[in-house]
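Just below is one structure, and these are the notes that go with it.
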Amino acid sequence: MASYEKAPSTPLTAQHSSFVKEDLEGQDPVESLSGDEKAADDPHGTTSTPKYTIKWWKETWNNAVHEGKWPRVAYCVLGFVFVVGWVGIMLGLVGTEVKYGKLFGV
């Protein structure tokens with residue numbers, strides 16, 4: 001059976017917590033980021049760019065690629081379209097074959 005390490009009883013030591021307080025004192029970490037860093041770190045893709053502009057499409061696509069969601073959806077849809085197209089072409093060819101087979105008595 002696997003044994004797991006016990007979590008520490010205190011998450012931060014006194015020395016570490018004072019270091020964090022001194023490091024972040026007087027500044028808002030979100031405001032210190034530039035616009036590009038905010039867009040890259042934003043998990044929901046909400047930016048100040050107006051919707052449906054070219055820049056907005058690029059930003060949302062890059063966020064989706066980073067998360068890995070939309071490329072998989074796009075590939076699945078494209079694959080489905082290819083399969084439906086292939087089946088449609090095959091059914092058309094079979095229908096033509098049957099039609100000419102009846103005409104010429106084959």
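The values are calculated or read from the model by the stated rules, or taken from the named source; none is laboratory data. Being a predicted model, the structure only gives us computed values, none of them experimental. Here the Cβ is made from the backbone with ideal geometry for all residues, glycine too, and neighbour counts use every protein chain on show. Side chains are part of the model used for accessible areas, which takes the heavy atoms of the whole protein and leaves out ligands, DNA and RNA. Shrake-Rupley method; radii C 1.70, N 1.55, O 1.52, S 1.80 Å.
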- prompt: How many nm is it between the label spots at Val106 and Trp61, if each spot is 7 Å from the Cα in line with the beta carbon?
  reply: 4.6 nm
statement: Share of accessible surface on carbon and sulfur in the stretch 63-106, whole %, 1.4 Å probe and ligands ignored, is 76 percent
